[in-house]
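See below for the structure under consideration.
The values are calculated or read from the model by the stated rules, or taken from the named source; none is laboratory data. Everything numeric here is computed off the predicted structure, so don't read it as measured data. Quick reminder, even Gly has a Cβ in these numbers, built from the backbone with ideal geometry, and neighbours come from all protein chains shown. For accessibility, only protein heavy atoms count, side chains too; no ligands or nucleic acids. Shrake-Rupley method; radii C 1.70, N 1.55, O 1.52, S 1.80 Å.
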Amino acid sequence: MAKKKNEAPRLTDTFTEFKENKNIDRTTMVGVLEESFRNVIAREYGTDENFDVIVNPDKGDFEIYRTREVVEDGEVTDPNKQISLSEARQIEEDYEVGEDVSEKIDVSQFGRRSILTLRQTLASKILELEHENLYQQYKEREGEMISAEVYQAWKNETLLMDDEGHELILPKNQQIPRDFFHKGDTVRAVIDHVENPNGNPKIYLSRTCDAFLLKLLEQEIPEIADNLITVRCIARIPGERAKIAVESYDDRIDPVGACVGVKGSRIHTIVREMHNENIDVIHYSANPRILIQRSLQPAQVSSIELNDEKHTAAVYLRPEEVSLAIGKNGINIKLASKLTGYSIDVFRDVVNEQEEDIYLEEFADEIDQWVIDAIKGVGFRTAREVLKAPREQLIEQADLEEDTVDEVLRILKAEFE
């Protein structure tokens, strides 16, 4: 029997150790212990209704009390819920029929099978709690950046460990093409999503999603972290190229300059983390024409025709600019389409070579630069393109006053006259 008397403290010691390691809250811990003990009580006595379980997790002990009604000698029909008067008076001499007797139960009285069941139940509950806590902990952190250590690299995925020894999975298709990891490497990635099949949490990471680039920007560029600069949209082809559109509501802050840094110092740090994935940073505009024009840089757009209902854009460029707009393997135009949300098609804009034309920048000494930028934002880059456009289009789409448009037209006409 001495061996059984040791079972109770060993069980609570197991749970106390779990509490210290897994940070289980007191209420949950008490509930798990009480439920485990009640399962054994019900197995031993057929019911746990007349039992009180008192758990003290701080001290690592517990007490079980059973309450029975005192009946006359010889009238006991249920020994679990009734006690004879003579037996009750052996506990206290002044007990009377009809009173309740509460007595402490020694867990060593339980059979070996019940003790084993208690231990298994407790272990199962602990594991279930551990899995649930892990799932909730990481589910709430989806989209966050995390640093973890490589434990094992396989063909289709890499297994990492966080600081607490939890397993994290980085699938091959969520790795940048030039990623190559060794055991012990520290890797940064975003918590992409968390699954919980059959109560067994699976935590998946990603280095190819847009959120990974956004988190790198937040870590390396204080103005983004402090919400002085907003990243309005991101487009990536992992390992190849990325485009981001940024905006600042403070006129004193140049969002593109702040992101790039002095001599590219800030953006180069991010580029190195992404294995030389080139990053284009452009000014965001709510005007889709301007945004499309900027997203196709370094190509210079001649004009744009939009279909807002179908979200399509026909972009016209000089022949020598077409290849720049499309980019190597079509990467530039793919990223521009993703960044702007428009399906972009490019066309050659064949201009009569015998017809003299002048870029709008040549008129900067006569026309304010902000007016030139507004006209270019509509898609016009040369004097003849502006002169051929309907006057109403310049007023409405470039958002210019009628007098301003008339003055621009006068200056441009005078040049060719």
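Distance between the 7 Å Cα→Cβ label points at Glu362 and Glu140: 6.5 nm.
Set Lys and Arg Cβ to +1 and Asp and Glu Cβ to -1, take the dipole of the stretch 46-154 about its Cα centre, and tell me which of Ser102, Thr121, Ile83 lies farthest positive. Checked the options; the winner is Thr121. For GluC sites (Glu not before Pro), the sites in the stretch 74-109 that DSSP calls loop and that have at most 15 other Cβ atoms within 10 Å are Glu75, Glu92, Glu93, Glu96, Glu99.
With helices as the sole contributors, the chain gives -12000 deg cm²/dmol at 222 nm; each DSSP H run of n ≥ 4 counts as -39500 (n - 2.57), and the sum is divided by every residue. With respect to the chain, whose longest principal axis is taken over its alpha-carbon atoms, helix 26-45 is tilted by about 40°. Taking chymotrypsin sites (Phe, Trp or Tyr not before Pro) across the stretch 274-355, none is in a DSSP loop with at most 16 further Cβ atoms lying within 10 angstrom of its Cβ.
If both residues of a DSSP beta bridge must be in the chain, then about 75% of such bridges are antiparallel.
State the percentage of accessible surface on the chain attributable to carbon and sulfur atoms; use a 1.4 Å probe and exclude ligands, DNA and RNA. Exposed carbon and sulfur together represent 44 percent of the surface.
Extending 7 Å from the Cα toward the beta-carbon at both His283 and Thr27 defines two label points whose distance is 5.4 nm. To the nearest ten degrees, helix 7-22 and the longest principal axis of the Cα atoms of the chain are 10 degrees apart. Peptides 167-174, 237-244 ranked from most to least packed, by the mean per-residue count of other Cβ atoms within 10 Å: 237-244, 167-174.
If I take R0 = 60 Å and measure r between the Cβ atoms of Arg113 and Thr230 in this structure, what FRET efficiency does the formula 1/(1 + (r/R0)^6) give, to the nearest 0.05?
Working: r = 64 Å, r/R0 = 1.07.
Taking R0 as 60 Å, the efficiency between Arg113 and Thr230 is 0.40.
Summing charges over all other residues whose Cβ lies under 12 Å from the Cβ of Ile331, with Lys and Arg as +1 and Asp and Glu as -1, gives +3. The residues of the chain have, on average, 55 Å² of accessible surface per residue, using a 1.4 Å probe with all protein chains present.
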